[in-house]
1. Show the residue pairs meeting these rules: Cβ distance below 7 Å; 6+ apart or different chains; first residue within the range A:596-624 and under 15 Å from residue A:558 (Cβ atoms) and within 14 Å of another protein chain (Cβ to nearest Cβ); second residue part of a helix (DSSP H, G or I) and of a type in the set (D, E, K, R).
2. Every residue in the range A:523-550 that is part of a helix (DSSP H, G or I), away from chain B (no Cβ under 14 Å) and not aliphatic (A, V, I, L, M), please.
3. Counting only residues that are within 15 Å of residue B:268 (Cα to Cα) and free of Cβ contacts under 8 Å to residues at least 40 places away in the same chain, which one in the range B:44-73 is surrounded by the most Cβ atoms within 10 Å (Cβ to Cβ)?
4. Residue B:11 versus (1) closer than 22 Å to residue B:199 by Cβ; (2) surrounded by fewer than 22 Cβ atoms within 10 Å (Cβ to Cβ); (3) of a type in the set (Lys, Arg): which is the lone unmet condition?
5. So which helices (runs of 4 or more DSSP H) are wholly in the range B:161-278 and hold at least 1 residues that are closer than 30 Å to residue A:249 by Cβ and over 19 Å from the mean Cα position of the chain (by Cα)?
6. For the range B:131-143, state whether one or more residues are away from chain A (no Cβ under 14 Å), touching a helix residue (DSSP H, G or I) at 6+ places or on another chain (Cβ under 8 Å), at pLDDT 95 or above and surrounded by fewer than 21 Cβ atoms within 10 Å (Cβ to Cβ).
7. Based on what the data block shows, is residue A:265 within 9 Å of chain B (Cβ to nearest Cβ) and basic (Lys, Arg)?
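The values are calculated or read from the model by the stated rules, or taken from the named source; none is laboratory data. If you're wondering where the values come from, they're calculated on a predicted model, not measured in any experiment. Every residue, glycine as well, gets a Cβ built from its backbone with ideal geometry; the counts of neighbours run over all protein chains shown.
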Amino acid sequence: MADFQYDVDADGIATITWDVPNKSMNVLNIEASQELEALVDKVLADDAVKGAVITSGKADFAGGMDLNVIAKMKEMAGDNPAKGLFDGIMGFHQMTRKIERAGMDAKTNKGGKPIAAALPGTALGIGFEIPLACHRIFAADNPKAKIGLPEILVGIFPGAGGTTRISRKLDMMTGSPVLMNGKLSDPQAAKRLGLIDEVVPADELLSSAKEWVKNATDADIVKPWDQKGFKMPGGAPYHPAGFMNYVGASAMIHGKTQGVYPAARAMLSAIYEGAQVPFDTAIKIEARWFTNVLMNPSSSAMIKTIFTNKTALEKGAVRPEGVADMSVKKVGVMGAGMMGAGIAFVSAKVGIDVVLVDRDQEACDRGLASVTDILDQGIKRKKVTEEKKAEILSHINATPDYDALKGCDLIVEAVFEDPAIKATVTKAVEEQLEPSAIFATNTSTLPITELAKASRDDTRFIGIHFFSPVHKMNLVEIIKGANTGPEAVAKALDFVRQIKKTPIVVNDERFFYANRCILPYVNEGITMLAEGVEPALIENAAKLLGMPLGPLQLADEVSIDLSVKIVKATQAALGDDYKGTNAEEILFKLFDEDRMGRKNGAGFYAYDEKGKRTGIWEGLRENWPVSDEQPDLAQVQHRLAMQQVLEAVRSFEDGVLEDIREGDVGAILGWGFMPWSGGPFSWLDIIGADKAVEICDDLTEKFGERFTTPALLRELSKNGETFYGRFGPEAKADAA
Amino acid sequence: MTEAYIYDAIRTPRGKGKKDGALHEVTAVKLSADVLNGIADRNNLEDTSQIEDVIWGNVTQVGEQGACLARSAVLYSDLDERVPGVSVNRFCASGLEAVNMAANQVRGGAGNAYIAGGVESMSRVPMGMDGGAIAVDPYLAMKAYFVPQGISSDIIATKYGFSRDMCDEYAVESHRRAVAATAAGHFDKSRVAVNDQNGLEISRVDEQIREGTNMQGLGSLNPSFKAMGEVMPGFDAVALMKYPELERINHVHHAGNSSAISDGAAAVLIGNKEFGEANGLKPRARIKSTAKIGTDPTIMLTGPVPVTEKILAQTGMNINDIDLFEVNEAFASVVLRFQTYFNVDRDKLNVNGGAIAMGHPLGATGAMILGTLLDEMERDDKETGLATLCIGSGMGAATIIERV
């Protein structure tokens, strides 16, 4: 079936309507691109047609490229994937360039046919790169529409001419948020930025575009970059005005990406090299760099985890089969502290009725006040309107009265992390609930199976671990207790889908998944400190891995007292099996000196009176002197990375994780694990099991058995396998 | 092997490299021609066609310094038109590199005599006007962890623990020595006045030396590279990626403890024994060895240390065999690094001051400090001297000379 409709009106203006059958959103694949190109040929060849408008038959224009296209292109040139990609990308360029040049004479720029884009709604990625090739872009005044080029966020860059066109349309300062940060704009903002030309009422979209086509002159349809004497806005690289922009851009991108994101570097090279040559050469250069990025394993890993697998999990990839829709209608949130208020907010925001319960009205009101605070911040940043605020608040009933919980189909309990208190609350709440209701506990440390013992029905009892702050952190860790049933899992997943977050489902084991992996990272950093490693080296090594926070800074964020509490609890739980670490001495010393981290303005770091970090606390180097001999950067990085990665592998080995996709998505969303790597399992696949084993064996010899190579990793190395090759969704499908 | 000798060395004054500098009115090609004529005249070279080549250091080779300035300078001068010319760019060491190339050509038997040296009119052809991929091409800038030189000088200070006070003290001493050397006439032998076409004097002094430079005065200056390091565009982040053992970069350098932007030219007459005999000239020194090296481009300016180790190794000497050192004062930390690494007595190092006091006309400085070194060796009756410079993009160059 055709993805595009074609018809010509009485004025001789063709309308090319993009409307992919059986999809709610248009996405472009190779065949569709060829189809569009053929329709443009038709417009150009038909003397009765004066020009064309490209629009959409859906509420939005297009969501971007069908990312499967990348894999397809790689196969197009046999055993030379780079050639397949390059040729494929040049195919897109040929199509967009045909629109842009519209049949005009190469020398005189005369005789072309005007082609306008009419965007009813969202236009992203190649769904905006096609309009960028058109001669004028109209957008319906639809505040929900998002316009922009978000490619950089999944590890690639706008490679269908977007990079080259934006860098010729906007100077580097203006264009940089669009290209480098993937900033999206609503139509009004897009017009202000210069991304589009006109914003018109929705019902006048097509007529306005047609009217323009009807009256457009030869001069109206020649792009500045196709005219003689074109100058790069803001100056080309070796123009005095542009010089410092380019010097600065490299430095800024380098520092910001810490050198680990190939896409940003490649895009900047495409802009720089492209700025010095004519447009047609520039898009060829863009295609070479885009090919280079698509060939980089980091980009494939990022697309796989941050796009493909994250989307799959959000769409219920691990939802138990055969369980009917369990969407939440009324949720009871127990505990109106920071977590409870956050959970109430994200639920009310999507229209779920919330009963927010705490021990007295005062506590409930405090919870409601924190929700109001979040909304007011949104209003300040113009993300929320007063009406929206009122509507969200109207969904929340903050009351100490347990009777109000009647009719709740889900409870999320977020009271103090104390099993006895939780048990009391569980029993009291369940008295108000229908037997079909699901009871979820939000805990980050307590075993679910134990907590479930307080429940009247442990098959309908589950852990839902939100990360703090709830309204900002997108991962939700769902924990199955020993007896948790499929309906509870489905309920939790449906709830997470409703609140537009990303779920992973794990089994019940100490610290579940995310915390289990991040704690050893923090510990390893502190252990190195105890060994005499320069603290700056520890922190910078982590950042050079692409970790958002160094282990010492993270320890300050988590707070030293919590870490000490965790150490003590672990000691108590493991008894004689507990193996002490060098890190504990340091943690206890900081604790004794009342250096609790960011919260009291003193920790591994020093802080000023406003709570801003001023530098590593000088006392660290006094108490734990820095050795003259420092390890090389790679060793520090291996230790920090492997402590997280090995824990992820062990989680998979011992069944806490059932799906490596969840391990990767959870790692990036949960604790910011090296996003460029696609997650711990993807990273191991990138470096290869052989190399991983070599690193682990070396570290085990030097630093002890916490680096012991997991049997599974050794097996993969022996068999020459990868994690995704053996455990990925395709492998699973083949096996089934 | 044929030996290469220095027969003579001259230089112009080092002028302030700004629009109000004494040499701003003089073109780079005239400055060059002046020292070419000066050295030929002073040595009574009647037949200049014996000069095999003019090898001319020059960094910013655009505008009037473009299109092979060396050849233009020959044609502007009174030298025989059969003398060709080649411009060479090894950034701040260009003048010394020109000498080294000439010496090595002589040693290799390619011609009897050369004039080597260089020029830079930084007031007329500002630094950076020739662009350059290393800072601008994103692939290269990121691969090389590019930061500007000022940031590099601050990395050196941070990594090796040179405080602002240490750098300022070094600068104060540079001025003090330059003032004393000028008063005592130490520069008179090689420094020649620049005159106009009518023989009227334009400049005869190194105008940037400041008598009475002191710690209080320098202390009031703001660091020059803090903003570009910490704010826009944030080069410190790049520096820390390459030097992750540092928590932050201490920005200690400023206009007062860095070399000044400057105008000037210098020429060195180099030849074999036969050349001297044929022209009745007595060699002043033998060029014992030359060396160059590449180093980490981010810290960039530590080259004098490894290139000195290299040149000592290849001559079988050790640091104590050197009686006098000229280490170009690009930034205070560069010399402090050299001094502390080799534990060199300050009384042997830059005894007449250096570029912090006098200025650093990029393409000429290498040849200038070699001349200063030779003059001082003769004055103080020292046998062996070493000149070395740090170089942009991470390089180092050195020359060892011996009196004969």
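1. Matching pairs, first to second residue: A:604/A:556; A:605/A:556.
2. A:523, A:524, A:527, A:531 - these are the residues of the range A:523-550 that are part of a helix (DSSP H, G or I), away from chain B (no Cβ under 14 Å) and not aliphatic (A, V, I, L, M).
3. B:70
4. For residue B:11, the failing item is (2).
5. Filter on the range B:161-278 gives B:226-230, B:235-242.
6. no
7. yes
One line per residue, one yes/no per condition, for (1) surrounded by fewer than 20 Cβ atoms within 10 Å (Cβ to Cβ); (2) out of contact with any helix residue (DSSP H, G or I) (no Cβ under 8 Å at 6 or more places or on another chain):
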residue: A:82; (1), (2): yes, no
residue: A:90; (1), (2): yes, no
residue: A:96; (1), (2): no, no
residue: A:100; (1), (2): no, no
residue: A:106; (1), (2): yes, yes
residue: A:112; (1), (2): no, no
residue: A:120; (1), (2): no, no
residue: A:123; (1), (2): no, no
